[in-house]
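Encoded as structure tokens, the structure appears first; notes follow it.
The values are calculated or read from the model by the stated rules, or taken from the named source; none is laboratory data. Because the structure is a prediction, the values reported are computed rather than measured. So basically every Cβ, Gly included, is an ideal-geometry build from the backbone, and we count neighbours across all protein chains shown. SASA here: full protein model, heavy atoms, side chains in, ligands and nucleic acids out. Shrake-Rupley method; radii C 1.70, N 1.55, O 1.52, S 1.80 Å.
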Amino acid sequence: MAELETAAEHERILREIESTETACIGPTLRSVYDGEEHGHFMDKLELRIKNHDREIEKMCNFHYQGFVDSITELLKVRGEAEKLKNQSTDTNRRLQLEGAELISSMKELQQCRIQQRNIATTVDKLNMCLPVLEMYSKLHAQMKSKRHYPALKTLEQLEHSFLPQVSHYRFCQVMVDNIPKLREEIKDVSMSDLKDFLESIRKHSERIGETAMKQAQQQRTLDNILSVQGKRGLAKRPRKCPSPELNGTSPMSEQDSGILDVEDEEEEEEAPGTQDLVDFSPVYRCLHIYTVLGSRETFENYYRKQRRKQARLVLQPPSNMHETLDGYRKYFHQIIGFFVVEDHILHTTLGLVNRAYIDELWDLALSKTMAALRTHSSYCSDPNLVLDLKNLIVHFADTLQGYGFPVNQLFDMLLEIRDQYSEILLKKWALLFRNILDTDNYSPIPVTDEETYRKLVGQFPFQDSEVEKQQFPKKFPFSEFVPKVYCQIKEFIYACLKFSEDLHLSSTEVDDMIRKSTNLLLTRTLSNCLQNVIKRKNVGLTELVQIIINTTHLEVSCKYLEEFITNITGVLPDTVHTSKLYGLTTFKDARQAAEEEIYTNLNQKIDQFLQLADYDWLVSDPSTQASDYLVDLVAFLNSTFAVFTHLPGKVAQTACMSACKHLSTSLTQLLLEAEVKQITMGALQQFNQDVKECERFARSGPVPGFQGDTLQLAFIDLRQLLDLFIKWDWSTYLADYGQPTCKYLRVNPTTALILLEKMKDPSRKNNVFAQFRKNERDKQKLIETVAKQLRSLINSHHS
């Protein structure tokens with residue numbers, strides 16, 4: 001069985017060898033050598049070769065004749081083939097010679113075709129690249145000419161429309177790589193332009209504010225003119241071309257910022273608009289650029305941050321702003337310029353600034369401006385400067401109000417400045433009053449002709465029929481300070497009225513302000529000036545008398561001041577909320593102080609005369625005449641009271657009574673002085689002569705108006721005391737003491753005891769001979785007895 005399988009395998013291998021190509025016979029032969037029947041296979045192979053050789057031999061023997069014939073024919077054909085070959089070679093040679101030029105032309109044509117195709121391709125590619133290059137060149141030209149927003153648009157087109165078509169070229173990749181750099185460059189350059197813009201508006205803010213304020217003033221003046229014309233009926237006349245600005249309710253409405261719009265040709269040269277002073281295109285370009293680049297929020301935050309910084313710088317006032325009005329004006333112009341620009345930005349850009357941001361800046365500006373004004377205005381002592389400042393603040397507020405900013409707090413602050421203005425006015429008028437009072441001669445004003453008289457009556461409301469009937473020359477009862485003070489009070493009222501203008505106050509509020517300020521002027525300023533004059537050391541009785549007369553006339557003039565205020569404010573004095581003038585109290589107080597000063601001066605003069613008294617309290621033989629000092633004192637009092645003829649009757653009577661009482665009291669104190677140890681009866685009699693002189697003066701009626709012996713009652717205490725001692729009427733005194741009908745009712749037992757003690761003779765105790773004189777002895781005993789009784793009266797009274 002195994003032999004059969006081996007034989008079949010060998011047969012298969014032989015068939016493969018016969019049918020397989022020589023290059024692929026290797027694997028077949030390897031299978032033979034791998035087996036163990038190599039020898040048997042070789043035998044079979046030899047046998048197969050022999051079989052094939054026999055078959056070839058048979059085949060050759062069968063086809064030999066045909067082969068010979070074929071060889072013979074082939075030999076014949078070879079000659080013909082040689083001829084044909086030669087002909088072909090010759091023909092080819094000739095063809096090559098003839099076609100060489102054609103081939104050269106064809107090669108040239110081919111090269112031209114290739115070049116033409118390359119050129120066409122190049123042209124096509126260039127047609128695709130040229131717009132890109134043109135756009136890139138345009139981009140650089142725009143950036144070079146600082147047209148950054150168009151450059152950004154060009155860059156966007158280049159990036160999204162042109163470069164994608166030629167993105168496979170290397171130069172395009174370079175462009176693509178440069179695009180972010182160009183964007184950053186555009187951002188940086190536009191930001192640089194914005195910074196220049198911010199610097200520009202910072203420099204031009206003052207000019208912008210000045211122009212805006214000037215236009216607001218012109219608009220307000222025009223509105224006032226139209227208002228007056230409207231009241232006169234002229235406003236109904238048709239106008240060919242009504243100005244749109246005149247139809248607004250405010251000088252400049254919020255939606256129409258006049259300073260930023262194109263102005264009339266007539267006013268353009270005088271008041272250029274903000275756009276003529278500042279180019280706003282950088283901020284618009286920068287806003288658009290940052291919006292396109294997706295960084296709008298960054299730009300808005302940067303712009304607002306920088307403007308906040310500029311606002312703080314603008315709102316920082318110079319340290320010497322209070323010195324001149326120009327300092328305030330420049331400060332206001334810068335603030336107005338800042339907010340005019342912001343208002344313009346608000347209405348010409350969409351969202352770069354919003355109303356909340358503007359309101360925040362305005363609140364900051366309002367607080368800092370008001371704080372600066374409060375601080376700097378407090379340094380001001382010139383009322384004219386304060387008044388100019390008030391007008392400037394009003395124009396400042398009106399200008400900003402025209403742009404829609406709330407300014408109520410500024411007007412409220414003006415009311416505070418009004419109080420300060422009133423204080424400054426009071427200080428100024430205090431100097432004026434002081435100067436008037438110091439330079440016054442305190443003599444009635446003489447007039448020599450009708451013109452002078454009417455002039456003074458025009459200055460001061462004086463009405464006196466008796467003076468009018470007098471012939472020239474004649475005198476007004478008051479001195480020059482009365483019309484001067486009255487005129488200055490009216491000037492003060494005018495000054496107060498000036499400040500109240502344009503504050504949007506009602507007539508009642510203006511009237512109340514003027515009356516309150518005038519009351520302060522009267523009750524504080526003028527009152528203090530009068531009191532200072534009255535209290536001066538060198539003021540004389542004549543001056544005091546004239547002051548009383550002057551204040552009386554000024555008191556009467558208060559009703560005319562009331563009428564004056566009513567005329568300029570239009571508020572009737574009987575209105576519920578109308579304040580009243582307190583001038584009556586002021587002048588009454590001044591007059592009372594002058595009266596008190598008269599009384600004090602009279603008493604001081606009396607004391608000065610009494611200091612000249614030189615009594616010999618031990619004299620035994622009295623003189624029959626009054627002392628010289630007392631005669632001089634009475635003469636002085638007579639001359640003094642003669643000056644009191646123009647004083648109100650009660651004032652003169654009170655002064656005279658006060659002088660007599662003071663004189664009586666002073667004379668009593670002379671008797672009771674502790675330094676006077678002993679008084680003789682002769683000294684009392686001499687003293688009695690002086691008291692009689694005083695009583696004669698009281699009886700002479702130095703001042704009219706006293707009834708009966710009223711003035712003599714000032715000396716009644718002293719008279720009863722002297723009568724008691726001179727008459728030595730102790731029995732009556734002691735018997736009637738305490739009864740209403742007592743003859744010596746006004747003699748106090750204590751006073752009597754003091755004087756009685758002085759009547760004792762202190763030398764009697766040391767004088768032996770005096771003790772033996774019976775009269776002296778009896779007198780001293782009587783004095784001792786009376787003294788004991790007086791002490792018992794005093795003790796019983798105290799108990």
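Give the carbon-plus-sulfur fraction of the accessible surface of the chain in %, rounded to a whole number; probe 1.4 Å, heavy atoms of protein chains only. Working shown, then result.
On the way: 23690 of 45880 Å².
So the carbon and sulfur contribution to the accessible surface is 52 percent.
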Cα Rg, Dmax, the stretch 566-720, angstrom units:
21.9, 81
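Quick one: compute the contact order of the stretch 132-234, relative version, from alpha carbon pairs under 8 angstrom and 6+ residues apart, as a percent. Let's see the in-between values first.
Values: 31 pairs, mean separation 20.0, N = 103.
Relative contact order for the stretch 132-234 comes out at 19 percent.
Roughly what percent of Cα-Cα pairs across the stretch 14-88 reach past 15 Å?
73
Starting from the coordinates of the alpha-carbon atoms of the chain, obtain the Kirkwood hydrodynamic radius over all distinct pairs and give the value in Å to one decimal. Each step should come with its number before you reach the end.
Details: mean 1/r = 0.0238 Å⁻¹.
It is 42.0 Å.
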Ordered by residue, what ³J(HN,Hα) values in Hz, to whole numbers, does the stretch 477-493 give under the Karplus form 6.51 cos²θ - 1.76 cosθ + 1.60, where θ = phi - 60° and Gly and Pro are x?
x, 9, 8, 5, 6, 5, x, 5, 5, 4, 5, 5, 5, 5, 4, 4, 5
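Which of rounded, prolate, oblate describes the stretch 422-581, given a ≥ b ≥ c as roots of the alpha-carbon gyration tensor eigenvalues and a/c under 1.5 marking rounded, otherwise prolate only if a/b is larger than b/c? Spell out each step's value before the answer.
Working: a/c = 2.33, a/b = 1.47, b/c = 1.58.
Cα axes put the stretch 422-581 in the oblate bin.
Quick check on the stretch 361-409: what are the equivalent-ellipsoid semi-axes from the Cα gyration tensor, as sqrt(5λ), descending, whole Å? If you can, show how the numbers build up before the last one.
Details: eigenvalues 91, 39, 6 Å².
That gives 21, 14, 5 Å for the three semi-axes.
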At T523 and K83, where each label point lies 7 Å from the Cα along Cα→Cβ, what is the point-to-point distance in nanometres?
16.4
Please report the equivalent ellipsoid semi-axes of the stretch 613-798, computed as sqrt(5 x eigenvalue) of the Cα gyration tensor, largest first, in whole Å.
35, 20, 12
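Ignoring ligands, DNA and RNA, how do R183, R536 rank by accessible area with a 1.4 Å probe, largest first?
R536, R183
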Relative contact order (%) - the chain, alpha-carbon pairs under 8 angstrom, separation at least six:
7
³J(HN,Hα) computed for each position of the stretch 63-77 - Karplus, 6.51 cos²θ - 1.76 cosθ + 1.60, integer Hz, glycine/proline x:
9, 5, 5, x, 5, 5, 4, 5, 5, 5, 5, 5, 5, 5, 5
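For the stretch 652-705, what class follows from the C-alpha gyration tensor (a ≥ b ≥ c being the square roots of its eigenvalues): rounded when a/c is under 1.5, otherwise prolate if a/b is larger than b/c, else oblate? Walk me through the numbers before you get to the answer.
Values: a/c = 6.64, a/b = 1.93, b/c = 3.44.
Oblate.
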Give the lysines whose C-alpha is closer than 18 Å to that of K758, dropping any in the same chain fewer than 8 places away, or say none.
K677, K727, K779, K781, K788
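Pairs of lysines 8 or more apart, or on different chains, with alpha carbons under 29 Å: count those in the stretch 63-172, would you?
Lysine pairs, 8 or more places apart or on different chains, close enough: 8.
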Output the pairs from K214/K484; K195/K368; K535/K650 with a Cα-Cα distance over 28 Å in this structure; if there are none, say none.
K214/K484
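Could you sort 326-338, 381-393, 448-460, 54-66 so that the peptide with the highest average Cβ count within 10 Å comes first and the rest follow in order? Don't jump to the answer; show the numbers that get you there.
Values: 326-338: 22.0, 381-393: 17.8, 448-460: 13.2, 54-66: 9.6.
Listed from highest to lowest mean packing, they are 326-338, 381-393, 448-460, 54-66.
Could you compute how fast the stretch 1-159 diffuses translationally, taking Rh as the Kirkwood radius over C-alpha pairs and applying Stokes-Einstein at 37 °C with viscosity 0.692 mPa s? Give it in µm² per second.
On the way: Rh = 26.1 Å.
Rounded to a whole number, D works out at 126 µm²/s.
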Order C487, C286, C112 by their accessible area, 1.4 angstrom probe, all chains in place, largest first.
C112, C487, C286
